[in-house]
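Structure first, commentary second.
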Amino acid sequence: MAIYAIGDVQGCYSELCRLLEKIGFDASLDTLWFCGDLVNRGPESLETLRFVKSLGSSAVTVLGNHDLHLLALHHGVKKARDTSCLKKILKSPDRDELLDWLQQRPLLHYDDIQNTVLVHAGIHPAWGLSKARKLAGEVETALRGKKAAKFLRKMYGNKPTAWSDDLDGARRLRFITNVFTRMRYFRTSQELDFDANGSPRKYLRSRLTPWYEMKARLRDDIRVLFGHWSTLPVGCYGRFFALDGGCVWGGHMVALRIDFESEDWFFVDSYTSQPTKTAN
């Protein structure tokens, strides 16, 4: 029985299938952990969503920013562009079933046996595990409730940029959502920068600090697996593991086996040539 963490799929279903063939994935024995952004930009978002849902308990999936954007489209909060690759999902006969399932996915998954956290973008350095799980739960409750459309309507935006326990209402939920699904850099010890999306090498002379280099309250023995950051080289940054190989941009689809004492990495090349540009 193996556990593999998979980087951002973003509709690259063919590459995902080749990766699963390479690792010898057996749905009756193994488990896949998806770090979010199953859909968008790639050509096979509908096929990806159907496949991951079909895996049932053999798959764990956290929500990414592109998954949330799809839910916003589904609830009529945003309008899909005519060129959007997500329109195929929105017009599919099993749309409601697929998107109801997606809406029930968490923002954070923690496995106490593996002592590992799975998120899309990261965990705020001021949050320990208990607090991060509680805050993720606040967003999940809003997303799954009767006022989901209201939450999704107010989800977009870069402010506030700093955490405070006193944040409330839509501002609080927006900040929590942005941390788990969009975070990359801090521009001060407190303030996030949601505009910078390049490699850390690009910002060597700036004051930007990758979130995983900030002093963290999370216990030192907990591993964190994350995606979202295609310009960050795949690999291990201390106890933080970057999984987004930028497959949709012509990079790689990535898997990391996490149930061994030493992690094993697997890669397949991308078939994808030109993704559709959509919301970040």
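Report, by residue number, each residue of the range 31-50 that is in a helix (DSSP H, G or I) and under 21 Å from F226 (Cα atoms).
Passing the criteria: S45, T48, L49.
For the range 168-212, name all the residues that are under 19 Å from the mean Cα position of the chain (by Cα) and among the charged types (D, E, K, R).
Matches in the range 168-212: R174, R182, R184, D193, D195.
Can you name the residue in the range 237-263 that is farther than 26 Å from H124 by Cβ and of a type in the set (D, E, K, R) and is also farthest from the chain's Cα centre (by Cα) among such residues?
Among residues in the range 237-263 that are farther than 26 Å from H124 by Cβ and of a type in the set (D, E, K, R), the one farthest from the chain's Cα centre (by Cα) is E261.
Name the residues in the range 51-101 that are assigned to a helix (DSSP H, G or I), surrounded by fewer than 22 Cβ atoms within 10 Å (Cβ to Cβ) and out of contact with any helix residue (DSSP H, G or I) (no Cβ under 7 Å at 6 or more places or on another chain), would you?
S54, G56, S57, S58, K87, D96, E97, D100
Given the structure, is V9 under 18 Å from the mean Cα position of the chain (by Cα), surrounded by 24 or more Cβ atoms within 10 Å (Cβ to Cβ), part of a loop (DSSP other than H, G, I, E, B) and without any contact (Cβ under 8 Å) to a residue 60 or more places away in the chain?
In short, no.
When you scan the range 117-155, how many residues do you find that are closer than 15 Å to L71 by Cα, in contact (Cβ under 8 Å) with a residue 40 or more places away in the chain and not β-branched (V, I, T)?
7
Residues checked against (1) touching a strand residue (DSSP E or B) at 6+ places or on another chain (Cβ under 8 Å); (2) within 21 Å of L143 (Cβ to Cβ); (3) in contact (Cβ under 8 Å) with a residue 24 or more places away in the chain; (4) not hydrophobic (A, V, I, L, M, F, W, C):
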residue: L29; (1), (2), (3), (4): no, no, yes, no
residue: N65; (1), (2), (3), (4): no, yes, yes, yes
residue: L71; (1), (2), (3), (4): no, yes, yes, no
residue: L99; (1), (2), (3), (4): no, yes, yes, no
residue: R105; (1), (2), (3), (4): yes, yes, yes, yes
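Listed here are the residues, each with its yes/no results for (1) under 23 Å from D112 (Cα atoms); (2) at pLDDT 95 or above.
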site: N197; (1), (2): no, yes
site: R201; (1), (2): no, no
site: L204; (1), (2): no, no
site: L208; (1), (2): no, yes
site: I222; (1), (2): yes, yes
site: W229; (1), (2): no, yes
site: P233; (1), (2): no, yes
site: R239; (1), (2): yes, yes
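The values are calculated or read from the model by the stated rules, or taken from the named source; none is laboratory data. Model, not experiment: these values are computed from the prediction. With ideal geometry, Cβ positions are generated from the backbone for all residues, glycine too; neighbour counts draw on all protein chains shown.
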